[in-house]
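Just so it is clear, none of the values below were taken in a lab; they were calculated from the coordinates. It should be emphasised that the depicted structure is a prediction, and the values quoted were computed from it without experimental measurement. With ideal geometry, Cβ positions are generated from the backbone for all residues, glycine too; neighbour counts draw on all protein chains shown.
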Amino acid sequence: MANVIRASAYLVDIEVETVRTDASQAFLKQETLFVELTTDDGLTGTGYAYTIGTGGRAVLSMLREHLLPSLTGHDSRAIEGAWRTMYDGTRATMVGPITALGLAAVDLALWDLRCLRAGEPLWRVAGGHRPAVPAYDTERGWLQLAEGELVAGALQAREQGFSGVKIKIGKPTAGEDAARIGAVRDAVGPGMEIMVDANQAFTPAEAVRRAARLEPFDVGWFEEPLPADDVAGHERLAASTAIPVAVGESMYSLAHFREYLQRGAAGIVQPDVSRIGGITPWLKVAHLAEAFGVDVCPHFLMEIHVSLTAAVPNGRLVEYIPQLRAVTTRQLTIADGFAHAPREPGLGISWDRDAIDDRRVA
Ligand SMILES: [Mg+2]
């Protein structure tokens, strides 16, 4: 019992809730891949993955033509085996985003089934460190916002109990970035974390220069200063600044994280459960980082990452970017500065099936 008897995938476009630009891109719409797996004991698990606007149909095609057919008849409880079977069947496109996103959607559906079958919430099944974790706000720190808007947003976030804010950097001059971060620090005082994120915009030399300009403002971490494939550049930057270097949202394999950690090139890791290929590899990244004394602050997807951050002892902060309001019936609970992991069995995301159907495009 518990074998997969039906597997389906579809694509849903979810409109962005606000304008979001950074130093290298804009969030156009959330292309959301849904996977539903039904087992012979009558349970259905739902998983999902996303892109910020391109490639969704390629992932859907990968799911329908290759990943899902290999699952039929598979024991849904044997998740490592299912993951490996799918991976082995698509080696020609791994490591890469299209296959990783497809794997993630399936893997999340398998974990949903595992938690439903256990009658337990994800945060406990995945490790069970503690039920709530601190959250920081990114939604009020986009690059297109004026300095006054950043300051007002940070003060509002502090009032709402967030322990930190993240501000996008990558303005044409180092002085402009420094002025914006300095204004926020002046406004919130010393008690709140301020993180910065360059979305891979700089060269190593420019990143070293900008980090030096930002050090006086006690920055919590410098996120994606350089292209993700430049491990040596991150290593050089990490050795030159007291600001922890944070990477991970653009990384698609456990081995990539291992290389950063082995070389001391990352002070924080930010795996994205969708881009890394699901909960199964996400947990491996978290445990690997723990062995190096590095905390995990995952990228985006707060509805699922709240449970994963709560599951592991080195999960430090959840990123607040609401993007599923239109297709869910209950929102992430943030109280007294903590994001609370859902308590009901399964992944704990209360999908609004009608709203999802309305937005289905393929
Ligand atoms: Mg980022």
Self-check item: Förster-model FRET efficiency, 35 Å R0, E215 and R91, C-beta, rounded to 0.05
Solution: 0.20
Exercise. Would you mind computing Rg(Cα) / (2.2 N^0.38 Å) for segment 86-162, counting N as its residues?
Key: 1.70
Quiz item: In whole angstrom, how far apart do the alpha carbon centroids of segment 171-196 and segment 1-67 sit?
Solution: 36
Quiz item: Which of the lysines could a cross-linker span from K29 if the Cα-Cα distance has to be under 26 Å and same-chain partners fewer than 8 positions apart are dropped?
Solution: K166, K168, K171
Quiz item: If you average over every viewing direction, what projected area does the convex hull of the Cα atoms of segment 142-216 give, in nm²?
Solution: 4.7
Exercise. Would you mind checking the radius of gyration and Dmax of segment 200-252 based on alpha-carbon positions, in Å?
Key: 10.2, 33
Practice problem: Assuming R0 = 22 Å, can you tell me the calculated FRET efficiency for the pair S70 and H287, based on Cβ-Cβ distance, to the nearest 0.05? | Solution: 0.25
Quiz item: In vacuo Debye scattering of the chain, one point per C-alpha: log10 I(q)/I(0) at q = 0.10, 0.14 Å⁻¹?
Solution: -0.59, -1.17
Practice problem: Please state, to two decimals, what the Cα-based radius of gyration of segment 37-167 comes to when divided by 2.2 N^0.38 Å (N = residues). | Solution: 1.39
Self-check item: Cα radius of gyration and Dmax for segment 124-340 (Å)
Solution: 16.5, 47
Practice problem: Rounding to the nearest 20 debye, state how big the charge dipole of segment 47-140 is about its Cα centre with +1 on each Lys and Arg Cβ and -1 on each Asp and Glu Cβ. | Solution: 60
Self-check item: Neighbour-limited loop hits for chymotrypsin sites (Phe, Trp or Tyr not before Pro), segment 65-137 (at most 16 other Cβ within 10 Å; DSSP other than H, G, I, E, B)
Solution: none
Practice problem: Please identify, among L43, L122, L113, the residue showing maximal mean-square fluctuation in a Gaussian network model of the chain using a 10 angstrom Cα cutoff. | Solution: L43
Quiz item: What are the ³J(HN,Hα) values, in whole Hz, obtained from phi via the Karplus relation 6.51 cos²θ - 1.76 cosθ + 1.60 with θ = phi - 60°, for each residue of segment 51-59 in sequence order, with x given for Gly and Pro?
Solution: 10, 8, x, 9, x, x, 6, 5, 5
Quiz item: Rounded to the nearest 5, what is the percent of antiparallel bridges among the DSSP beta bridges in the chain?
Solution: 60
Self-check item: Quarter of Cα convex hull surface for segment 228-292, i.e. mean projection, nm²
Solution: 3.8
Quiz item: Once Rh for segment 212-362 is found with the Kirkwood sum over Cα pairs, what is the Stokes-Einstein diffusion coefficient at 25 °C and 0.890 mPa s, in µm²/s?
Solution: 148
